[in-house]
Amino acid sequence: MSTSTMTGQGSWYSAITPSQWKTMIASNLGWMFDGYETFALIICAGAAMHQLLVPSEYSHIPAYVGTVIAITLLGWGLGGVIGGVIADYIGRRRTMILAILAYSLTTGLSAISWDWVSFALLRFLVGIAIGSEWSTGTSMTAEAWPPSARGRGAALMHCGLGVGFFLASFAWLYVSGYGPNAWRIMFVIGILPALFTLWLRTGVSESQLWEQTNDKRKAAQGKLKSGASLGTEDQRLTRFTFADLFAEREIRNRTIVLFLMSLATTVGWWGIATWVAPFTGRLAVAQHLPQHVWEAYAGMAYNGAAILGYITLGFAADFFGRKPVLMVFYVGALIMTPVFYMWTTSLHLLVLLAAINGFFTLGQYSWMSVWLPEQYPTRMRATGMAFVFNSPRFIACLGPLFAGVLISQFGGFGNMAVAFSLIYVLGFVLVPFLPETKGKALPA
């Protein structure tokens with residue numbers, strides 16, 4: 001496959017095989033369902049708390065919402081790390097099927113919550129299941145697509161999250177009118193992804209790179225059991241994948257840098273963008289306009305633009321390189337966060353600013369789908385990606401929790417948003433410490 005074919009104007013997609021397209025689409029759909037489940041919580045949590053709390057606690061709803069989101073993030077972080085390890089041992093496709101079934105079931109169970117504690121516990125289980133899906137789909141896509149188009153494939157895969165967020169916003173625009181139990185309907189809808197696994201079981205093949213590495217791992221483990229001496233590569237293959245992240249200096253240092261960059265992206269989004277819809281809804285109430293309608297408008301604008309951001313980052317990374325593109329996104333997020341929360345009270349302008357904010361703050365997430373697979377060898381790729389992508393949630397869970405307390409105590413979003421936006425500076429300064437991987441083959 002020639003480079004000219006892959007990079008020619010308007011012709012790169014013609015060199016992608018049907019099997020490669022199918023892998024990307026399956027991963028996109030799995031991540032889209034994750035997006036729906038996640039944003040359904042964000043946009044419905046306030047309504048759920050109004051039904052699950054006594055009226056005397058209504059003034060503290062932002063704090064309760066922050067707590068539930070934080071607990072969900074803890075589950076996401078735990079499940080994500082475990083899921084990545086599992087995917088390196090039993091395969092990408094099988095792990096994805098198990099994850100989708102699990103979060104479909106637990107999301108549906110969220111609809112029968114009877115108080116805020118039961119709701120929080122069930123969302124913790126949803127988080128565990130959701131966290132397991134991303135690293136499997138991203139690994140499958142990266143391992144299937146050719147180097148010169150890998151960024152584009154990753155971006156198209158990752159935009160499924162934004163589509164899921166958008167669908168949740170769109171669904172809430174209509175479902176919110178069904179009264180106090182509307183939030184329960186949103187979670188019942190979340191059962192539908194389970195049907196997708198029926199196609200996934202037969203329509204998508206396992207990653208060939210993983211199968212080759214798994215054969216080598218089994219051979220190395222056979223040597224270990226027989227007492228034969230192991231070479232360097234065999235020692236790596238028999239080492240537990242999570243321990244492998246920290247066993248060698250180069251990979252260990254790279255993992256630390258990637259973790260901190262992921263932390264910047266994750267804290268920035270969960271600590272700030274979580275409040276885009278509630279902030280817009282509060283302004284709508286102050287202006288005697290329908291709260292849920294304007295929350296849905298802001299959510300659709302934010303997530304619709306994020307889809308464009310995902311795609312733009314991946315396509316631009318294939319043309320200009322991973323480093324400069326990601327640095328632009330960090331700067332854009334740093335600027336647009338205080339602009340959104342502090343610049344205007346016009347709802348129409350606020351919806352426009354929500355779109356621009358979403359392009360940078362949520363759109364930047366696709367750097368992990370584009371760049372992370374290129375940082376780790378196949379034997380530990382899903383584990384490394386899962387750790388970097390998910391473990392920051394153990395810290396980021398403090399973002400919505402602390403932000404919710406600040407909103408309750410100080411009655412506003414502006415100062416909170418400016419404080420959290422400074423985290424993007426950390427991501428920006430760390431980018432140069434990673435190798436540029438544009439157009440290069442995946443590590444063996």
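Based on the Cβ-Cβ distance of Glu206 and Val425, what FRET efficiency does E = 1/(1 + (r/R0)^6) give at R0 = 35 Å, to the nearest 0.05? Given R0 = 35 Å and the Cβ-Cβ separation, E is 0.30.
Each residue, Lys22 and Asp215, gets one label point 7 Å from its Cα in the Cβ direction; the gap between the two is 2.0 nm.
Extending 7 Å from the Cα toward the beta-carbon at both Glu233 and Leu121 defines two label points whose distance is 5.0 nm. For semi-axes √(5λ) of the Cα gyration tensor in Å, computed directly from the structure shown, the correct entry in (1) 36, 24, 21; (2) 37, 30, 19; (3) 62, 33, 23 is (1). What is the helix-to-structure angle for 381-390, meaning the angle in degrees between its Cα long axis and the longest Cα principal axis of the chain, kept from 0 to 90 and rounded to the nearest 10? Its long axis makes an angle of about 20 degrees. The peptide list 51-57, 429-435, 167-173, put in order of mean Cβ contacts within 10 Å with the highest first, becomes 167-173, 429-435, 51-57. Peptides 151-158, 356-363 ranked from most to least packed by the mean count of surrounding Cβ atoms within 10 Å: 151-158, 356-363. Computed from backbone phi with θ = phi - 60° and the Karplus coefficients 6.51, -1.76 and 1.60, the 3J(HN,Hα) list for the stretch 335-348 is 6, 6, 5, x, 4, 5, 7, 10, 8, 8, 10, 6, 5, 5 Hz; x is used for glycine and proline.
Here Ser56 and Leu101 are evaluated by their C-beta separation; at R0 = 35 Å the FRET efficiency comes out at 0.30. The simple Förster model, with R0 at 41 Å and r as the Cβ-Cβ distance, assigns Val188 and Ala286 a FRET efficiency of 0.80.
Each residue, Glu248 and Lys440, gets one label point 7 Å from its Cα in the Cβ direction; the gap between the two is 1.3 nm. Ranked by the mean number of other Cβ atoms within 10 Å per residue, highest first, peptides 269-279, 60-70 order as 269-279, 60-70. Its residues counted as N, the stretch 282-371 yields a C-alpha radius of gyration over 2.2 N^0.38 Å of 1.20.
FYI, it's all coordinate maths here, none of it is from the lab. Keep in mind that what you see is a predicted model, and the values were worked out from it rather than measured. Cβ sites come from the backbone with ideal geometry, for glycine too, and all protein chains shown count toward neighbours.
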